[in-house]
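Chemist: I am attaching a structure below and will ask some questions about it afterwards.
The values are calculated or read from the model by the stated rules, or taken from the named source; none is laboratory data. As the structure is a computational prediction, the values presented were derived from the model and not from experiment. No Cβ is skipped: glycine too gets one built from the backbone with ideal geometry, and neighbour counts run over all protein chains shown.
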Amino acid sequence: MKSRSGISQREIDQIINDSIVCHVSMIDTDGLPYVLPLNFGYKNGRLFIHCAPEGKKIEIWKSNPRICVAFSTGYEMRIQNETVACSYSMKYRSALVHGELLPIDGYDSKIEILEIIMEKYSGKTNFTYSKPSVDNVKVFEIKIHRVEGRVYGY
């Protein structure tokens, strides 16, 4: 099977929506790569994450808000010949989003984004939020600069 890069935005949206977590990569203050799995929300072409208000990632993002976010789904073993090791491969769908973190402040704005994230994982909306919890969470939109995708084996 051929790899397909340059896939449609519709296919990329499906990959993102089908992914359970995203992996956010960044360059730390020592110039080293750093990657974390995070929950996310994606709606109307806009991508959001949330996290604790402190920690290594927050310090990194203060000095460099540029990130790359990886999504992948549809893993399935593909075997052409069970006795030939090189004939084994993995089918998958993946997308990369290159962008920049934009902090979201304001209680109502945070709740709007947290609702998008909660809907992704629960299928429901209209949750109750405690003010101290909302005040104590960092919420970001990822300003998308570039998107790429690849499908292999499908």
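Chemist: Got a number for residues in segment 41-99 being of a type in the set (A, V, I, L, M) and under 17 Å from the mean Cα position of the chain (by Cα)?
Modeler: Residues meeting the conditions: 10.
Chemist: Looking at Ile116, Ile60, Ile67 in this structure, which one is touching a strand residue (DSSP E or B) at 6+ places or on another chain (Cβ under 8 Å), part of a strand (DSSP E or B) and modelled with pLDDT of 95 or more?
Modeler: None of the other options fit; the residue is Ile67.
Chemist: Limited to segment 119-154, what total is found for residues that are touching a residue at least 12 places away in the same chain (Cβ under 8 Å) and either assigned to a loop (DSSP other than H, G, I, E, B) or among the hydrophobic types (A, V, I, L, M, F, W, C) (or both)?
Modeler: Result for segment 119-154: 13.
Chemist: Quick one: in segment 34-50, of everything that is in contact with a Phe, Trp or Tyr (Cβ under 8 Å, 6 or more places away or on another chain) and assigned to a strand (DSSP E or B), which residue is surrounded by the most Cβ atoms within 10 Å (Cβ to Cβ)?
Modeler: So the residue we want is Phe40.
Chemist: Moving on to the next point. Only residues that are under 12 Å from Ile49 (Cβ atoms) and among the aromatic types (Phe, Trp, Tyr): list them for segment 97-154, please.
Modeler: Passing the criteria: only Phe140.
Chemist: Same structure again: Just the residues that are assigned to a loop (DSSP other than H, G, I, E, B) and in contact with a Phe, Trp or Tyr (Cβ under 7 Å, 6 or more places away or on another chain), please, taken from segment 7-33.
Modeler: Answer for segment 7-33, where residues must be assigned to a loop (DSSP other than H, G, I, E, B) and in contact with a Phe, Trp or Tyr (Cβ under 7 Å, 6 or more places away or on another chain): Ser19, Asp28.
Chemist: Among the residues of segment 104-135, how many are of a type outside the set (Ser, Thr, Tyr) and over 16 Å from the mean Cα position of the chain (by Cα)?
Modeler: 16
Chemist: Here is a further query. May I ask you to list the residues in segment 96-128 that are surrounded by 16 or more Cβ atoms within 10 Å (Cβ to Cβ) and of a type in the set (D, E, K, R)?
Modeler: Listed by number, the residues that qualify are Lys110, Glu115, Lys120.
Chemist: So is Arg78 at pLDDT below 95, surrounded by fewer than 17 Cβ atoms within 10 Å (Cβ to Cβ) and of a type outside the set (Asp, Glu) or not?
Modeler: It is true that Arg78 is at pLDDT below 95, surrounded by fewer than 17 Cβ atoms within 10 Å (Cβ to Cβ) and of a type outside the set (Asp, Glu).
Chemist: Output the residue which, of all residues in segment 70-92 that are assigned to a loop (DSSP other than H, G, I, E, B) and among the polar types (S, T, N, Q), is nearest to Glu112 (Cα to Cα).
Modeler: Checking each candidate, the answer is Gln80.
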